[in-house]
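**Student:** The structure under discussion is supplied below as structure tokens; questions concerning it will follow.
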Amino acid sequence: MLFIDIDGVVSLFGFAQTSTPARCSWHQVDGIVHLLSHEAAENLLALTERFEPIWCTGWKDRANEHLPHVLGLGPYPFLTFGDSPDHWKLAAVQAHAGDRPLAWIDDDLNDAVRAWAASRGAPTLLVETEPACGLTAELTAGLRDWAAGLDG
């Protein structure tokens, strides 16, 4: 399973105003302007050969309304979040993943998520992105290597 955040992974922010990242395009989603990374989208598409993608984002179903048309991503299942005291996404990820192996790509993981991942009985990989870069080729290679290691 591959849990995918959007903001900071596919939708970039935090870069200098004078240096917009390459291979991106501006789009409005529900009245909010996003800089969407075509490189991150290509990296995610390459990972769908090895992973079951799941949107793990506050965008929820809006990811499937916008990203298939703009970036060719999805539609994918998406999580709905409730109360989770340690991290707002953690309870939903736990419930959906059960005891299956998972990787989680996000720009906003905290110590509670790291402790949970370390204590899981199933293989778990946390991939933290820099919001100005998103999902890079290097991070994608690490995800592929990790998945290949599960086969062995």
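The values are calculated or read from the model by the stated rules, or taken from the named source; none is laboratory data. If you're wondering where the values come from, they're calculated on a predicted model, not measured in any experiment. Neighbour counts are summed over all protein chains in view; Cβ atoms, including those assigned to glycine, are modelled from backbone coordinates with ideal geometry.
**Student:** Within segment 38-58, which residues are outside any helix (DSSP H, G or I) and not charged (D, E, K, R)?
**Tutor:** First pass over segment 38-58, keeping only residues outside any helix (DSSP H, G or I): 48-58.
Within segment 38-58, Thr48, Phe51, Pro53, Ile54, Trp55, Cys56, Thr57, Gly58 meet the criteria.
**Student:** Kindly indicate which of Leu67, Leu45 is of a type in the set (A, V, I, L, M) and under 20 Å from Arg144 (Cβ atoms). Quick ask: steps written out before the conclusion?
**Tutor:** On the way: Leu67 fails: under 20 Å from Arg144 (Cβ atoms).
Testing whether each residue is of a type in the set (A, V, I, L, M) and under 20 Å from Arg144 (Cβ atoms) leaves just Leu45.
**Student:** Ala95 - would you say it is touching a residue at least 24 places away in the same chain (Cβ under 8 Å) and either of a type in the set (Gly, Ala, Ser) or touching a Pro at 6+ places or on another chain (Cβ under 6 Å) (or both)? Can you show your working first?
**Tutor:** Numbers: touching a residue at least 24 places away in the same chain (Cβ under 8 Å): no; either of a type in the set (Gly, Ala, Ser) or touching a Pro at 6+ places or on another chain (Cβ under 6 Å) (or both): yes.
No: the conditions fail for Ala95.
**Student:** Can you name every residue in segment 111-152 that is more than 15 Å from the chain's Cα centre (by Cα), part of a loop (DSSP other than H, G, I, E, B) and modelled with pLDDT of 95 or more?
**Tutor:** Arg120, Gly121, Ala122, Pro123
Rundown of residues vs (1) without any contact (Cβ under 8 Å) to a residue 24 or more places away in the chain; (2) closer than 15 Å to Trp104 by Cβ; (3) in a loop (DSSP other than H, G, I, E, B); (4) in contact with a strand residue (DSSP E or B) (Cβ under 7 Å, 6 or more places away or on another chain), yes/no style:
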{"site": "Gln28", "(1), (2), (3), (4)": "yes, no, no, no"}
{"site": "Val33", "(1), (2), (3), (4)": "yes, no, no, yes"}
{"site": "Lys60", "(1), (2), (3), (4)": "yes, no, yes, yes"}
{"site": "Leu73", "(1), (2), (3), (4)": "no, no, yes, no"}
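**Student:** Considering only residues that are surrounded by fewer than 16 Cβ atoms within 10 Å (Cβ to Cβ) and not acidic (Asp, Glu), which ones fall in segment 22-37?
**Tutor:** Step one: of segment 22-37, the residues surrounded by fewer than 16 Cβ atoms within 10 Å (Cβ to Cβ) are 22-23, 25-26, 28, 30-33.
Residues satisfying the conditions are Ala22, Arg23, Ser25, Trp26, Gln28, Gly31, Ile32, Val33.
**Student:** Taking the stated definitions as given, is Ala103 exposed (fewer than 13 other Cβ atoms within 10 Å of the Cβ), under 28 Å from Val29 (Cα atoms) and either within 12 Å of the chain's Cα centre (by Cα) or touching a residue at least 60 places away in the same chain (Cβ under 8 Å) (or both)? Explain how you work it out, then say what you get.
**Tutor:** Values: exposed (fewer than 13 other Cβ atoms within 10 Å of the Cβ): no; under 28 Å from Val29 (Cα atoms): yes; either within 12 Å of the chain's Cα centre (by Cα) or touching a residue at least 60 places away in the same chain (Cβ under 8 Å) (or both): yes.
No, not satisfied.
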